[in-house]
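S.K.: Right, I'll just put the structure down here and ask away after.
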Amino acid sequence: MWSYPLVLALASAGVALLERITPARPSQPALRRWLWSDAIYLVFNGHFLGVGLAWAAARTVDPLLASRFDLHLASGWSIWVQAIVATVVLDFAQWTIHNLLHRVPWLWEFHKVHHSVRDGEMDWIVSFRFHWAEVVVYKTLQYLPLAILGFSGEALFFHAVFGTVVGHLNHANLDWGHGVWRYVLNSPRMHLWHHDADSPRARNFGIIFSLWDWLFGTAWLPDHPPRRLGFDGERALPPDFFRRSLWPLVRAPLPPGDPS
Ligand SMILES: [Zn+2]
Ligand SMILES: [Zn+2]
């Protein structure tokens, strides 16, 4: 009965309700400019892109690579062991890939779409504002470890659900810090600093777990919120889902006088 679109709808409704009850920034409006664009990101990245990439992989790389790397190392483990190991392994892989998105210049061009979140826009729905090419990069780099370990569909579903709930919370208009659990689990306070416009270098790359950032020296958690969100040059990005989907493959002309 549980399907990913149903979980996504319930998580969205639940976190949106929490934002109304205890907002970190009470003056931030629920209805804002370009919300329709973020709604398209939610539906497209949350469902259609994954379905499309799975369809494409089943007809291209799966037949070529499955016989060579499909070792199913995890197939003998119980479902809960698989779910926990899959969540830890995939989250560490995604922490590493997120580092690359910031450090490799051409990957950063795609990841800019996620960092285009401005002041007044940080809410649960921007959790799904990212360029489709970024998803292709994540799926490609995760492909081999997943093929070797061969987790069950249920274990991967658990990771997807956990990641969606934590991702929604991380971007939500909530002042949650998770107490002592902040050293393990990513939080809205910590992820807000990942979107800081003034930091000289990016930090807090964690998706589900903050543990990787604390372990590898990339954690950053001052006791106050950042002064402003976004990145320098954000205004050069086109504003909506459709034009951003072509960016940066087809660069939009810069506005007159914009130095970025
Ligand atoms: Zn980032
Ligand atoms: Zn984010």
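S.K.: Which shape class applies to the range 101-250: rounded if a/c is under 1.5, otherwise prolate when a/b exceeds b/c and oblate if not, where a ≥ b ≥ c are the square roots of the Cα gyration tensor eigenvalues? Please list the in-between numbers first.
M.R.: On the way: a/c = 1.61, a/b = 1.05, b/c = 1.53.
The shape class here is oblate.
S.K.: For Y4, Y138, Y41, what ranking results if the residue with the fewest other Cβ atoms within 10 Å of its Cβ goes first?
M.R.: Working: Y4 15, Y138 20, Y41 24.
Neighbour counts put them in this order, fewest first: Y4, Y138, Y41.
S.K.: I've got another one for you. Quick check on the exposure proxy: order R33, R189 from fewest to most C-beta atoms within 10 angstrom. Don't skip to the end; give the middle numbers.
M.R.: Values: R33 11, R189 21.
Taking fewest neighbouring Cβ atoms as first place, the list is R33, R189.
S.K.: Just check the range 117-174 against the gyration tensor rule for me: Cα atoms, a ≥ b ≥ c as the square roots of the eigenvalues, rounded for a/c under 1.5, and otherwise prolate or oblate depending on whether a/b exceeds b/c. Please report the intermediate quantities before stating the final value.
M.R.: On the way: a/c = 4.33, a/b = 1.76, b/c = 2.45.
Oblate.
S.K.: Using r as the Cβ-Cβ distance of S199 and V43, and R0 as 35 Å, what FRET efficiency do you calculate, to the nearest 0.05? Could you put the intermediate results ahead of the total?
M.R.: Numbers: r = 31 Å, r/R0 = 0.90.
So, using R0 = 35 Å, E works out to roughly 0.65.
S.K.: Further question on the same structure: Could you list K112, K139 so that the one with the fewest beta carbons within 10 Å of its beta carbon is first and the one with the most is last? Walk me through the numbers before you get to the answer.
M.R.: Values: K112 22, K139 17.
Fewest to most other Cβ atoms nearby, the residues stand as K139, K112.
S.K.: Right, something else. What's the long-distance tail for the chain, i.e. % of Cα pairs beyond 32 Å?
M.R.: So the pairs more than 32 Å apart make up 22 percent of the total in the chain.
S.K.: Using θ = phi - 60° and the Karplus relation 6.51 cos²θ - 1.76 cosθ + 1.60, list the HN-Hα couplings for the range 46-60 in order, rounded to whole Hz, with x at every Gly or Pro.
M.R.: With coefficients 6.51, -1.76 and 1.60, one gets x, 9, 5, 5, x, 4, x, 5, 5, 4, 5, 5, 4, 9, 10 Hz.
S.K.: Separate question: Between the range 160-218 and the range 66-123, what is the C-alpha centre distance in whole Å?
M.R.: 14
S.K.: From the helices alone, meaning DSSP H stretches of at least four residues, give me the mean residue ellipticity at 222 nm for the chain, per-run term -39500 (n - 2.57), in deg cm²/dmol to the nearest 500.
M.R.: On the way: 11 runs with 135 residues, N = 260.
Dividing the helical sum by the residues of the chain leaves -16000 deg cm²/dmol.
Coordinate-derived values only; no laboratory data. None of the values given here were measured: they were computed from a predicted structure. So basically every Cβ, Gly included, is an ideal-geometry build from the backbone, and we count neighbours across all protein chains shown.
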